[in-house]
Amino acid sequence: MKNSEIHTGLDKKEIRDFLAIEFLKLFNEEFENKKETIPYNKEDVFDWCVKDGEAQIKVLKKYVEISKSRQAIIQLIKMNGWQEFDVSDDTEKDLPYKLKMSFIGTPEEHEKFLMLNNGV
């Protein structure tokens with residue numbers, strides 16, 4: 001089954017897809033959140049310290065933003081009585097993200113998905 005089809009036929013499919021895709025986007029943002037390398041300037045060490053410190057702050061601010069977004073997604077999942085399940089071994093990647101979508105649903109829905117997907 002294609003990864004983008006894992007919530008087909010389930011109640012609130014669009015919400016589940018949205019939450020799963022937002023998780024993927026956050027992973028990509030986190031992966032790309034790297035500190036800029038500031039070339040060392042031995043002529044003005046304090047200027048380098050300031051610029052390097054500012055680069056670290058930029059990365060940490062983005063880290064906090066990503067963490068708050070991830071926390072909000074998890075809260076929305078829990079509010080619906082769902083959980084997040086890794087189904088990367090059971091689906092075919094068809095979205096432009098580094099990882100595959102997670103299955104968002106109840107444990108019973110996840111078990112049913114696994115049985116249907118594995119032909120049980």
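Tabulated data for the structure shown
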| item | result |
| --- | --- |
| Surrounding net charge for Asn118, when Lys and Arg each add one and Asp and Glu each subtract one, Cβ distance under 12 Å | -2 |
| Residues with amide H under 5 Å from that of Lys2, placed H, sequence gap 5 or more | Glu92 |
| Across Lys12/Lys93; Lys62/Lys93; Lys51/Lys100; Lys42/Lys68; Lys62/Lys112, pairs whose alpha-carbon gap is larger than 31 Å | Lys51/Lys100; Lys42/Lys68; Lys62/Lys112 |
| Around Tyr40: net Lys/Arg minus Asp/Glu count, Cβ-Cβ under 12 Å | -2 |
| The range 1-58: trypsin sites (Lys or Arg not before Pro) falling in loop per DSSP and having at most 10 other Cβ within 10 Å | Lys34, Lys42 |
| Low-density loop positions, chymotrypsin sites (Phe, Trp or Tyr not before Pro), the range 1-49 - DSSP coil, at most 13 other Cβ in 10 Å | Tyr40 |
| Length added when fully stretched, Glu5-Ile74, from 0.36 nm per residue minus Cα-Cα | 22.7 nm |
| Loop chymotrypsin sites (Phe, Trp or Tyr not before Pro), the range 55-88 (other Cβ atoms within 10 Å of the site Cβ: 11 or fewer; DSSP) | none |
| The chain, helix-only ellipticity at 222 nm - DSSP H runs n ≥ 4, -39,500 (n - 2.57), divided by all residues, nearest 500 | -19000 deg cm²/dmol |
| Hz values of 3J(HN,Hα) by residue in the range 44-52 - Karplus curve (6.51, -1.76, 1.60), Gly and Pro given as x | 9, 4, 5, 4, 4, 4, 5, 5, 5 |
| Assigned charges on the beta-carbon of Lys, Arg, Asp, Glu; the chain dipole about Cα centre (debye) | 200 |
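Readers should treat all values here as calculations from the given coordinates under stated rules, not as data from a laboratory. All figures in this text were calculated on a predicted structure; none of them were measured in a lab. Using ideal geometry, Cβ is built from the backbone for each residue, glycine included, and neighbour counts are taken over all protein chains shown.
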